[in-house]
Structure formats: C-alpha cells, structure tokens
Amino acid sequence: MVGTAGLAGCSGQQSSGGTGGGTTEDSAEADSNDGDGDSSESTFRMNAVQRFGTIDPAKGTDYTQTMALLNMYDGLVFPNADGDLVPHLATDWSVSDDNLTYTFQIREDATFHSGNSVRAEDVKFTVERFFDINQGYASLLSGVLDKENVTAVDEHTVEFTLNRVHSPFLATLVLLFIVDKREVLNNTSDGEFGDRGDYGQEYLNNNDAGSGAYTLDSFERQSSISFAKYEDYWMGWPENSFDNVEIRIITEDPTVRTLMSNGELDMTSQYQSTETYGTLQDTSGVRVEQIPTVTVFYMKVNNQKPPTDDPAVREAISYGFDYETARTEIAPGSMQAQGPLATSFGVHNENIDQPTYDPERAQQVLADAGYSEGDLQIVNTYVQSNNMEEKMALLFQQNMDAIGIDVELQPQTWGTMTELATSVEDTPHTNHVFYGPVYPSPDTVFYNQYHSEAAETWMSMSHVEDNQIDSMIDEARATVDADARAEIYADIQARLTEMYAEMFVFVQAKQHGLSDDVGGYTYRPSQSYDYWFHDYVRE
Amino acid sequence: MKYWQYLARRLGGGVISLFGLSIIIFIVSRILPGNPARMALGAMASEEQVQELTREMGLTQPLWKQYLGYMQGLLTGNLGQSLETKRAVTVDIVQYLPATLELITVSILLTIIIGIPLGVIAAQSKDGWIDHGTRLIAFFSVSVPGFFIGILFQLIFGYLLNWFPITGQMSSRFSGEVTHYTGFLLIDTLASGQLLAHLNVWHHIFLPALALSMAGMGQIMRLTRSSMIDVKNQDYVEAERGYGLPDWLVTYKYTLKNAFIPTLTVLGLLYASLLGNAFLIELVFSWPGLARYGITAVINNDFNAVVGVTMMIGVAFVGINFLIDMLVGRVDPRIRLQIEEAT
Amino acid sequence: MSTSRSNFLDQIVSDQRRKLWARAWKRFRSRPMSVIGLAIIVAVVLAALLAPVLAPYPEHAGKYTDFASALESPSLEHPLGTDHVGRDILSRVLFGYRISLMLVGVVLGFGVPTGVLLGLVAGYYGGWTETIIMRITDTALALPPLVMALAITSALQPTLWNAMLAVAALWWTWHTRLVQSIVSSERNEEYVQAAKLAGASSPHIMFKEILPNCLSPILVKVTLDAGFVILIGAGLSFIGVGVQPPQPGLGTMVSQGTGYLPDSWWFAIFPGTAIFVLVMGFNMLGDGLRDVFDVEVNR
C-alpha cells in the first residue's frame, strides 16, 4: 500500500473542560437546513472541534478547511483507499518522456454549481489564482511550476509543464480544487489584481464556486457549516446518500456524548477524549470505529537549541520515554511508531533502530556525556485544550524526572505554538505535534518537516537543518524510478532515526463515534479525504 | 450642589474613566504576543504575505499614530475586523450580545422574584429561624463559585433528573421557524408566533439564569432585609399602624417602597457586574453569547475582537454606573453612603 | 509638659481601644456563624500548612502519573477519587488550598497596603492630590476585573500568577475608596485638629491617629476580599488561565473535571466544593466581623 496522507497536524481545540470555542448544542444561529423538519430529506450531522477559518480553495489548509473544500470542489485526481491516484475531474492523463509535461483530459459531463461546464480554462485560472494570491498550499509548487506554463490546449485538455522533475507532482494535485472562472470573475470586488480585482476572495469567503458533490448551504464561521446535495453531480449518487450535511463546532465532550446518544449527531470528530469513546461504545445505536491512519504523533525536539542540540541529550530523551504506557493508556489502539514514516507506507524502512523505553541506557548516555542530575532543564509545549496531549506531557515530565531531566510544562494555544515555531530561539525544546501527509506521497512527510527550505512552520519545529537530509530529499524528488526513490526514502528514515532528530511516539489510530445507521465511511490516506460525504449513506 | 452640577461632574468622571480604559486596552492589545497578521493568514503563509498584511493592518506605524487611528475608529463605531470571523467586530458583537443581555436580564428577574420576598420574610421574622435560614442561604449563594453552581445544576437538574436541557439557547428543531428580528430569542419567538419555541427558550434559559443569579441573590436578600428593618422602625410606620392600617398593607405599600431604593441601586450595580460574571456561566452552558466570543478572541490573539469586547463591557459598566448616579443623586444623597457601606 | 500630657492621653486612648477589642471579641464569640467561619478558615490554613503530612499521597501533587488508576470513584484508598491521570484528588485538594491561600496573600498583600496608603494620602491632603488619586481610582474601578485580568494575561504568559498580579494591580482601588472616604471626613474631627495643634507631623497623624479608626472596616473588607479573590482566581483558572501543570490548582481541576461529567462527577465536584467551603468561611468570618464592629461604631 502506497500509504499516504492522514491528517495534518493541528490538533485543534479539543477541550477537556469548559474551555474552547464550543458552540451551543442547539444553536439558534445555525441556519441549518433542518432535515428533521422535512422527513423526505436526510441530514447527516457531524461535529468538528475547530472552526472553519476560510473556505477559499486557494487558502484552505487545515483539516476542517480541507474537509469543506473537497466536498464543494473537485480536483483533477482523487486518492483511493490505497493512496493511489484515480481519475476525477480528469478522465485520463499522460506524462512526457522527460517527465516534465503532464497532459490531462477533462471530463465533459462535469458542471459547476452555477451550471457552467468545467473547462481547461477553469483549470488554468485556478492555478493562476492559486499562485497570485500566494497563500494556502501555493508554496507546495513554488519553483516547480510557473503559472505561465499551464496551457489550455483545447476546451477539455490542459497541459502542465514543470520546471524540473518533481515526483510528487501528481499527488499534490489533490489539493488543487478547480474553481469556476466565470462565476468568480462575475463576483470580484476591488482589489490589487488589476482587472481581476480581489480575485473573488471576498465572494469565496462565503460562497462556493465549485463542481463538487455538495453546494454550500450556510456558513457560520464560529459555529457551523452546512451543505446541500448537488443533484447534477457528474458522478451521480449512491442510493440513500444524504441530501444535507451539517457540521457543527462542538468542543465539549459531554455535549457530544449527549447529542450522539439522543441521535442529534451522526458522527463525532476524531478529537474526543478516550473516555468519551469508551462511553459511546456502550451507548445503544452508536458504534465506535478505530481507524488506523498514517498520521504520526511526534515529540519534536529542537535540534538547534541547547541543551537539546546535543545528540546525547536527544538520545537520552528518546530512550527515557515510556512508549508503551503512552500507547496503551493514553492513545489506545495506536501502534508504535518506527521512524518518521508511518509503518503502513510501502516504502517504510523496516530496519531502523527505533528507541525503546530504557531508562538505564538514558541515564548512562547522560552520564557519559558529562551531565549530572539537575543540570538539564527543558521546556515542553503542547496544545492547552488537548486532553490527550496533556496526559502525554505529564507522562513525559514524569519519565524525564526519573532520568534527571527537569521538564517545565507550558501549555499554549495552537496559535501561539505556530507563532513560536517561526524562530529557532523561540521554539521550545520539545513540542507535541501530530503530522500526517496532506497529499498522498511520502514526500510531504519528509519535505515539510525536515527540509531546511520548509523551516519555520509548526511542521518543522525540530529545525533539523541537515545538509545530507536536504540533498536526499531533493534527490528523491528528482527521481522518477519508484524503486530508486524507495531506497532514498529508506536512507532518509535511517538517518533521521540515527540523529535522534525527534521522538517518534505512535502511529495514530483515530476514533470516531458513528450512528449505527450510517455507513460508507472510507479511509483514504490524504488529509480529510475520508470525510467526502458523497460516500456516506443512511442504512 | 445642584443636581445638574452633580450630574455634569459624574459625567466628566465617566468620560475620563472611558478614556483611561481605552488607553489601557490599547496598550494591552499591542503587547499581545504573536503577530496577528500571521494568525490571520494561517500556518502556511509565506513571509512576504505576513509582512504585507502587517503593513496593511497598520502595525508598522509608530504607536501614537496607531492610537489615534484606534481612537478614531472607536468614536466612529469602527472596531476593525475580527481576524477570526473576518467580519467587522461590531457585527460580531451585535450578533452575540443579545444572548448575553437576555441571560443577564432573566437572571436579574429571578434575583428579584426570589431574593426580595425572601428578604421581606426574613425581616419580618427577624432573628427567628426563617431569618437565620435565609441568612444561611445568602451565605451559600454568595460563596459558591458561579461556574460551580452551574455545573451542579447541570448535574442534578440536567443529567440526573432530566428536567432541563444542559446546553444551548433553543432546540435546533425550532431554528428554522424563528425569524430573528431583535436577536433576543424570547422576543423573537413571540414575534414569530411560535409559542412552542418560546416555551423552549424559557426551558433553556432557566438553569443558566438561575445559576447566574445566585451571587446577587444573597446580596439582595440581605439588603432588602436590613432596609426593611431600618424602615420598619421608623416613626411613620408606627404611625400608620396606629391608624389601624392592616399589617400587610403597611409592609408592602409603605415599608417596602422606601426600603426598595437602596435595593434598586444595588440591582443596577449588579447588572453591571453580571456582565463580567456571565462569562463563566456562558462557558458552562455553551451559551452563544459574548463570553465565548471574547474568550476565543483572547485565546486566538484576535486583538480587534479583544479590544472590541473589553471596550464594550467597559462602556456598559461606566454607563450603568452613571445611570445609577443619576437616579441616586435624584433621590437622596444620603443613600449613596448607605450603598457604599452595604456593598 | 506637653509630652506627659500627650502620654496621658495616649494611655487613655489605648486603654479604650483595648476595651473595645475585648468587647468585640465577646460579641464575636456569641454569634455561631462567625465562629464557624473562623473555624473553617483555621482548619483550611492548617490543612494547607500540613498538607505534606495530611495528604495520603503527597507526591500526587507533583510529577506523577498512573493511568491504570485513572478516574476511580471515591473509595477507601482514594476518598475523593482519582483524576484523569490517576492522581489522588484529596491530596491535590489539600495542596490546592496552599495555592489558593498564597494567591490571597499575594493579591491582598500587594493591594491592601497600597490602597490604604493611597487612601490615607488622598483623604488627608485633599485638594489636587485627592482629585488625581481618586480620578485614577475611579478609572480603575470602571474596569471589570475578570475581563481586564484576561486581557492583561493574554499579553503575558497565560499563567495564574500573571493573572492574579493583574487582579492585584486593580485591587487597591477598593481600599483606596474606602479609606479615602473615612479619612476625608475624619480629618475635620477634633482629635485631628488637636494633634495638629500639638505639632504632630502629618505622617504621625495619618498613621497613628486616623488609621486606627479605619482598621475595623479595612479588616472586614479584607476578610470579605479574601473570598472574592479566591473566586476570581478560580474563575480565571476555569477559563484556562490556570496554574502550570502539574500544580494542583482548584479552579483548573474543576475545569478539567467538567469534561468528565456526569460519569466521573467527583473530579469536578470535590475541588469545586473545596473552593466553596473556603470562600464561605471567609464570608462568614467577614460578616461576623462586620456585625461586631458596626455595633461598636453605632454606639
């Protein structure tokens, strides 16, 4: 299985108490297209723990934004359950011999919600918009593709000419959500982009211009978003699919539990507390599914800041942590991580020497390096409202105390953590981060987290900055042969483990509470692609 | 000092207070950690994008210039845009404020309905066991942390007895039927002609309002009691009794009315202080009011929103205090002293 | 001659004061509520001081985890149950009281002397000094404490200490107001005029003559304040501006506990009750003191 994405980082605002931006159980403002009122229409209800910052396809990045976007928009390709790319808006594609030119055939029966048909011109426009606005995932392809090199060869054929060989190119296209050029240009406001005005940013802040399975029905940024089925969707609809989808932002566990048990919610987010999942399992009408993912939970250690810049200290930390308790008690169902890449990836290196819980070895390493008890003080940061991370932090603190390292816990908001990540000096010594691929390729795991060019984001809080790693990643990108690439990937994993660059704690098995009568959930290893509501049916 | 002179002085004081408040809040908002531009753009933003937005937001200008711009905005009612919701802060506040105001108002109503009669009864049975009983209740209500009583109510009346819903303002099944004229659900449900929805809102608002009213209830109870006792001992009451007026008439019509004045002013002060306390109750009951908005803003360093909410509450505080001064000064200057001693 | 005369006067005054206090104590003793309040406070202070000894599992207040014992209901082993990490709640509550009392000490220790001093100065000197000080006081009073504390802490590290410092920075205002109103009426009294004539210095008059007359209302206010400070601290912790883990802040415990309602109710209820008991103790005590002193004043 060419495993790929899971969900990227941001563990959002999961609450363990009365904090967080929760909304009401029954919000008066959520203009929900209430399925209950009209019994011929079916509504699917889910909670999220993080608000939808934006629904503009050129800007969305985190799990909730991507969830919204992939339902309202279509990409050229689509990841399947194995992580392979299958046709979506593109029926067919070919790659030139020099691996620089990709040619896609756009399907002719696809229409936007406005009624306009999907054309190659729209694809070109989407790319231009992406690069011009220059936010969101635009950075993924910067340097790789120039917008001038996207050509609409004819009404339904589009050509991409890359600047250099880039093996993950096709995979990144799952994030290129195609927008309706005519619709957007009809709805521009004043802006800096000449005759394209604001590129429709204000319009797309609250409307959709996509061709996807669902249209935007209502949007209340802090509390909810709802979608309505697009009847003319080119793929058609399975029987018993949902006419409406409503996602509400609810962070309080007790509320989620209550709503699931009285049937007002059909699916929980994956960020509820373990105790909640336990209770839901025993609730009638509800089941809890445990889904192995390719998201890894890391303890990112700052490689550039003393004392964690000393490999001996990092080694000690890696051997001083009780991985098993973490897995069995704090994150039940998860699997031991082995190196930076999730174990289910095809290119996972089985031969790496993953550290285990060995406090004697840790203490020996420290003693050999000349440290005595009390010499070392480090800071540990995690998302304040995240129940699981708090437990993990307390365990970490206790373990480190046993080997003579003093840990100060500093819970922060996610916003502050991303802020701290932007400079080496500000990034704390150890940080809790979940990371899963945002597109179906191991490249995202390596590039975003360990390449020097991708520095200063929450994904690269370990500030590895190693020339060897950099050149290996670059080489992999330029290598088209899958086997050769696999070898390079294996080397990268080995080297990162030898350096004790970070602590690789566990591979996440996410949990969802689901109504017994909801089926169709399909895990796909690309961020939020398991929340494509087109799959879901009422049984 | 004449009444209008007194008023002018208080008004001037109020304006100075607001001015001071604006400076403090401005300073606070500028020392908030993190670059708000980066917050707004998200983690994937490039450096140039962040720089550009920082410049657009005026954050690179000298502090005094920023303050002028800020004051200008405040005075024209422009509080800037929330980085979170991407809407004008004023719009956000207008959306969330009614829910909070509704909660506070119902809370005060409960305080009055329960607290004053209890205070009257306590005064009548002075030093009797009812008096001691109410005193104990008053202690309880003032000592218990607001959020805690909220949780207790949820546990007992919600989970255990299932008499009341534990979160929210109204069941979602009604939300399609109610038109939002004012934002005050109790009013809107009536205006939309939805009686069931109206009852449903009462059902939802009761527990949080009761929890919120606890703190003030003890005070009102005690104050009513002591005022009633004071007045009861006055000569004119004795005289009325001497005229053969029935006891209950003396109690309610004459004694209570005069005893009511300090109570009234305390109620006003209470309204102001509830604005601050409502925060905790709103969190516990997931009430869609200003509290959640404000706290999310603080957590996300959404400084426009933080400034907006804080200024709003500050203005409300000062405004209510001024209104009270107006009423009090009108009635009896001596009362001021009595109030200050009682609270 | 003036010295022996002032000594004589001082003697009479201090005699009177002693008698006043003796009567006050007798009156206090006769009211059950006040005595209960005092008893509660004494009990809590003792419990906090002796926490390392009294707590069945003192190490649970520190770096300790035991996930296998998480969320156990109250039992003989754990009279108040365990929390989500497996720590004994009773032990943590005892240590939590330490933190609460320390907060009271910090806030009042800073706020009261500052406020009293400012009030004395403002009330005594009057004029522009008074106007300026009172204007600033009124401005500060106009700020809702919880909201201000939140805003200020968000600018610094969101720890409880910073939040309480913010509260302390606003606390002096109440005492300034209180003392200033007393002093400004007292300064026209005869005994002050007499002291001035006798050549006493201003500081002497302020501290030795006038201040003692303010002590009883200040004392009452301080006691009631203590309860209020604890409530504010708990409120802030509940919102999320709490003590740094793994410290056992009572408000933080309630906040975390709410996520486990209603099944593991003990996690939220017991720390909440602990807060309530302490605050009630202070309120009862303060109320008793107020009754006692007021009677004296009216006499």
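The values are calculated or read from the model by the stated rules, or taken from the named source; none is laboratory data. Because the structure is predicted, anything quoted here is derived from the model rather than measured. Heads up, the Cβs are rebuilt from the backbone with ideal geometry, glycines too, and the neighbour counts pull from every protein chain shown.
Data overview
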read-out: Residues located in the stretch A:245-271, provided they are in a strand (DSSP E or B) and within 12 Å of chain B (Cβ to nearest Cβ); value: A:E246, A:R248, A:I249
read-out: Answer from C:F293, C:F276, C:F238 - the residue that is modelled with pLDDT under 85 and either within 7 Å of another protein chain (Cβ to nearest Cβ) or in a loop (DSSP other than H, G, I, E, B) (or both); value: C:F238
read-out: Some residue of the stretch A:344-355 being surrounded by fewer than 16 Cβ atoms within 10 Å (Cβ to Cβ) and within 24 Å of C:E59 (Cβ to Cβ); value: no
read-out: Residue check, A:T328 in a helix (DSSP H, G or I), of a type outside the set (A, V, I, L, M) and more than 30 Å from A:A369 (Cα to Cα); value: yes
read-out: Given (1) hydroxyl-bearing (S, T, Y); (2) out of contact with any Lys or Arg (no Cβ under 7 Å at 6 or more places or on another chain); (3) not in a helix (DSSP H, G or I), index of the condition A:Y489 fails; value: (3)
read-out: Which numbered condition A:V480 misses (of (1) outside any loop (DSSP other than H, G, I, E, B); (2) among the hydrophobic types (A, V, I, L, M, F, W, C); (3) farther than 18 Å from A:T295 by Cβ); value: (1)
read-out: A:T279 being part of a loop (DSSP other than H, G, I, E, B) and in contact with a helix residue (DSSP H, G or I) (Cβ under 7 Å, 6 or more places away or on another chain); value: no
read-out: Hey, A:F321 within 30 Å of A:A90 (Cα to Cα) and either modelled with pLDDT of 90 or more or within 14 Å of another protein chain (Cβ to nearest Cβ) (or both) or not; value: no
read-out: Scan of the stretch A:433-463 for residues that are away from chain B (no Cβ under 14 Å) and assigned to a loop (DSSP other than H, G, I, E, B), ordered by number; value: A:G436, A:P437, A:P440, A:S441, A:H451, A:S462, A:H463
read-out: Residue under evaluation A:D190, criteria (1) outside any loop (DSSP other than H, G, I, E, B); (2) touching an Asp or Glu at 6+ places or on another chain (Cβ under 7 Å), criterion not met; value: (1)
read-out: Residue tally, condition under 25 Å from B:F139 (Cβ atoms), more than 8 Å from chain B (Cβ to nearest Cβ) and not in a helix (DSSP H, G or I), over the stretch C:246-273; value: 1
read-out: Test: residue in the stretch C:134-144 that is among the small types (G, A, S), out of contact with any strand residue (DSSP E or B) (no Cβ under 8 Å at 6 or more places or on another chain), at negative phi and at pLDDT 75 or above; value: no
read-out: Some residue of the stretch A:217-237 being among the charged types (D, E, K, R), crowded, with 24+ Cβ neighbours inside 10 Å and away from every other protein chain (no Cβ under 14 Å); value: no
read-out: Given (1) in a helix (DSSP H, G or I); (2) over 28 Å from the mean Cα position of the chain (by Cα), number of the condition C:L101 does not satisfy; value: (2)
read-out: Any hit, the stretch C:68-76, residues being part of a helix (DSSP H, G or I), within 14 Å of another protein chain (Cβ to nearest Cβ) and surrounded by fewer than 20 Cβ atoms within 10 Å (Cβ to Cβ); value: yes
read-out: Filtered residues of the stretch A:284-306 (kept if buried (at least 17 other Cβ atoms within 10 Å of the Cβ) and outside any strand (DSSP E or B)); value: A:N302, A:N303, A:K305
read-out: Matching residues in the stretch A:408-432 - criterion: being more than 9 Å from chain B (Cβ to nearest Cβ), among the polar types (S, T, N, Q) and either surrounded by fewer than 21 Cβ atoms within 10 Å (Cβ to Cβ) or part of a strand (DSSP E or B) (or both); value: A:Q410, A:Q412, A:S423, A:T430, A:N431
read-out: Residue in the stretch A:121-140 that is surrounded by 24 or more Cβ atoms within 10 Å (Cβ to Cβ) and assigned to a strand (DSSP E or B) present; value: no
read-out: Residue list for the stretch C:252-287, restricted to those being farther than 28 Å from A:S385 by Cβ and surrounded by fewer than 24 Cβ atoms within 10 Å (Cβ to Cβ); value: C:V277, C:M280, C:G286, C:D287
read-out: Qualifying helices (runs of 4 or more DSSP H) (wholly inside the stretch B:76-189; at least 3 residues being within 8 Å of another protein chain (Cβ to nearest Cβ)); value: B:129-143, B:146-153
read-out: Residue that is surrounded by the fewest Cβ atoms within 10 Å (Cβ to Cβ) [pool: residues in the stretch B:208-253 that are of a type in the set (S, T, N, Q) and at pLDDT 65 or above]; value: B:N233
read-out: Residue check for A:T91: without any contact (Cβ under 8 Å) to a residue 24 or more places away in the chain, of a type outside the set (G, A, S), surrounded by 15 or more Cβ atoms within 10 Å (Cβ to Cβ) and part of a strand (DSSP E or B); value: yes
